[in-house]
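Enquirer: Dropping the structure in here first, questions after.
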Amino acid sequence: MSRSIFSKLLLSHIAVILISTITLGMLMTFLIRQHVVENKRDDLMQKGSFAIALMSPALGEGRMPSDATLKILGDLVGSMMWLSDRDETILAGKPPERWLKKGAPPDVAAKSNELFAGTPQSWVRTSHHQADPSIVIALPVPGMQTPTALFLYAPITGVNKTIDALEQLLFYALLLGIAIAAAVGLFMSRGLTKPIAAISRAAHNFAKGNYESRIHITNDDEIGSLGNTFNNMAASLAHTEQNRRDFLANVSHELKTPVASIQALTEAIQDGLVTTPEQQQRYLNSIVSETHRIDRLIRDLLDMAQLEAGELGIVKEKINLALFLPAELEKQTPLLAEKNLFLDTKLPSFLPAVWADPDRLAQVLLNLLSNAIRYAPANTSIGISIHPDGSSMIAITVSNRGHGIPAADLPYIWDRFYRVEKSRSRKDGGTGLGLAITKKLVVAMGGDISVKSIPEEETTFTFTLPVVLAE
């Protein structure tokens, strides 16, 4: 419990209230004490000056007031009162019993010079013999042949009682503050830690393999943002995990089919079921075809892995499309003839050079053209066109007629192993990686690729490449 965020928040909240209250109490105690002392000092200064004014006529005639007179005046002003000379000799009145007649205390001796130079003095005396501190006022008496001062001594009655009452009040206020702080801290801490605990539970469930684990937080603050981030992360990881599983399942299936075919054909030859040279040649051709299929899948998997890891080297150089494109299109002539297809090229009279990797650009064109040929009906055309795309890019378009791609499938055709018609794609020899690799290659060369499809009419792939600008 002591290590939980909830307990730390609650204890820190109470600690702040406790420290604040104690600090405030100490400050208030100090200020009240100072206020009482200053008020008493000012009051005694005024009354001492008044007493000197009353005694001035008699003192001017050389007559000292009697002890009784000073006692009466002292009672009127609320203090003990006496007259003393520079040698600390008591001339009239009676000081406190513990006031020394000779060799005055250090605080009196330290202020004697300034006092008898005409400057009133005051100080506070504390003693373990009395509960309250006392204030001493010393006023020089003018017009005397012998330097004389009037002393007033008064305990600051009630200061300790006031402080005790204040401390008691603050103590009760502290208890009440702690109780309220505990209640408020409990509510606030619960409100803060409850969603964090929910995130922790969801993360724990997610770590155990429950990829559907989510949290429901409506807070419009940092914790709510954390919850949304967790949900987004969980969805992304769940999608990644599903892709991983699908990837392994698809790779296993893609390898299983040709391996099973090779095994069956080889066993047929091995068991002597193939007797004529024509059958043997046909079986061997099928085995070679299946090994080519496995080879294509492995190469595509290696390309995809390198592209996703950023390890596939792209070496860009100037490519003259006027020479490069016809050579690549010529390679597709056998496949076009096999399905009675023909090319419908629309090329401008001037083809600018582009920045691209020639091997990877050839791979992109091969993927798009073979894909178009695979799904184009017989006796139709494959369209090839080039046009500018802004001032620094050029667009190359590959189109074919046919069934097209449903709109619901268009966002996913760049995913690995995604097929619109799975059985048909496998029969036609596709690995399900061509478009995913094509997109990553085009992006790696500084371009982009998009697709538009009208079902039962036409499908068009368009990719862009950076143009070599004239210097």
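Enquirer: Any idea which of Ser225, Leu237, Leu441 is furthest toward the positive side of the dipole for the chain, if Lys and Arg beta-carbons carry +1 and Asp and Glu beta-carbons -1?
Expert: Positive-end residue among those listed: Ser225.
Enquirer: Here's something else I'd like to know. Amide H of Gly383 versus every other amide H placed in the peptide plane: which residues, excluding those fewer than 5 positions away on the same chain, fall under 5 Å?
Expert: Answer set, sorted by chain and number: Asp344, Ser399, Asn400.
Enquirer: Excluding ligands, DNA and RNA, what is the solvent-accessible area per residue of the range 243-376 at a probe of 1.4 Å, expressed in Å²?
Expert: Numbers: 8050 Å² over 134 residues.
Heavy-atom SASA per residue in the range 243-376 reads 60 Å².
Enquirer: Further question on the same structure: Work out from phi, with θ = phi - 60° and the Karplus expression 6.51 cos²θ - 1.76 cosθ + 1.60, the ³J(HN,Hα) of each residue of the range 335-343, listed in order in whole Hz, and give x for Gly and Pro.
Expert: For the range 335-343, the Karplus curve yields 5, 5, 5, 4, 10, 6, 10, 9, 8 Hz.
Enquirer: Could the peptides 134-142, 265-273 be put in order, highest first, of the mean number of other beta-carbon atoms found within 10 Å of their residues?
Expert: Numbers: 134-142: 20.6, 265-273: 11.4.
Highest to lowest by the protection proxy: 134-142, 265-273.
Enquirer: Same structure, new question: Assuming 0.36 nm per residue, please report the length gained on full extension of the stretch Ile294 to Thr345 beyond their Cα-Cα distance.
Expert: Numbers: separation 51, 0.36 × 51 = 18.36 nm, distance 3.28 nm.
Additional length available on full extension: 15.1 nm.
Enquirer: Still on this structure: Can you list residues whose amide H is under 5 Å from Leu312's amide H, if they're 5+ apart or on another chain and H is modeled 1.01 Å from N?
Expert: Placed amide hydrogens put Leu307 under 5 Å from Leu312.
Enquirer: Can you give the charge dipole size of the chain about its Cα centre, rounded to the nearest 20 debye, using +1 on the beta carbon of Lys and Arg and -1 on the beta carbon of Asp and Glu? Numbers along the way, then the final one.
Expert: Details: 45 positive and 48 negative charges, 247 e Å.
For this selection, approximately 1180 debye.
Enquirer: Right, something else. List the lysines whose alpha-carbon lies under 27 Å from that of Lys208, not counting same-chain residues fewer than 8 positions away?
Expert: Candidates past the 8-residue exclusion: Lys194.
Enquirer: Using a probe of 1.4 angstrom, how much of the accessible area of the range 282-323 is carbon and sulfur, in percent?
Expert: 53
Enquirer: Of Ile14, Thr29, Asn379, whose Cα points farthest to the positive end of the dipole of the chain (charges on the beta-carbon: +1 Lys, Arg; -1 Asp, Glu; origin at the Cα centre)?
Expert: Of Ile14, Thr29, Asn379, it is Thr29.
Enquirer: A further question follows. Would you calculate the separation in nanometres between label points at Ile72 and Phe247, each defined as 7 Å from the Cα along the Cα-to-beta-carbon direction?
Expert: So the two model labels end up 11.1 nm from each other.
Enquirer: If one puts a single equal scatterer on every Cα of the chain and applies the Debye formula without solvent, what log₁₀ I(q)/I(0) results at q = 0.11, 0.13 Å⁻¹?
Expert: -1.01, -1.16
Enquirer: Still on this structure, please answer the following. Share of antiparallel DSSP beta bridges in the chain, in percent to the nearest 5?
Expert: On the way: 49 of 54 bridges.
Bridges in the chain that DSSP calls antiparallel: roughly 90 percent.
Enquirer: Give the long-range amide H neighbours of Thr148: residues separated by 5 or more places, or on another chain, with amide H under 5 Å away, using H modelled in the peptide plane at 1.01 Å from N.
Expert: For Thr148, the qualifying residues are Val141.
Enquirer: Could you tell me which of the pairs Lys346/Lys440; Lys339/Lys440; Lys318/Lys440; Lys47/Lys71; Lys256/Lys339; Lys256/Lys440 are separated by over 24 angstrom between their Cα atoms in the structure shown?
Expert: Numbers: Lys346/Lys440 26 Å; Lys339/Lys440 29 Å; Lys318/Lys440 20 Å; Lys47/Lys71 14 Å; Lys256/Lys339 28 Å; Lys256/Lys440 27 Å.
Beyond 24 Å between Cα atoms: Lys346/Lys440; Lys339/Lys440; Lys256/Lys339; Lys256/Lys440.
The values are calculated or read from the model by the stated rules, or taken from the named source; none is laboratory data. Nothing here was measured: the structure is a model prediction, and the numbers come from that model. Cβ atoms come from the backbone with ideal geometry, glycine included; neighbour counts cover every protein chain shown. All accessible areas refer to the heavy atoms of the entire protein, side chains included, with ligands and DNA or RNA removed. Shrake-Rupley method; radii C 1.70, N 1.55, O 1.52, S 1.80 Å.
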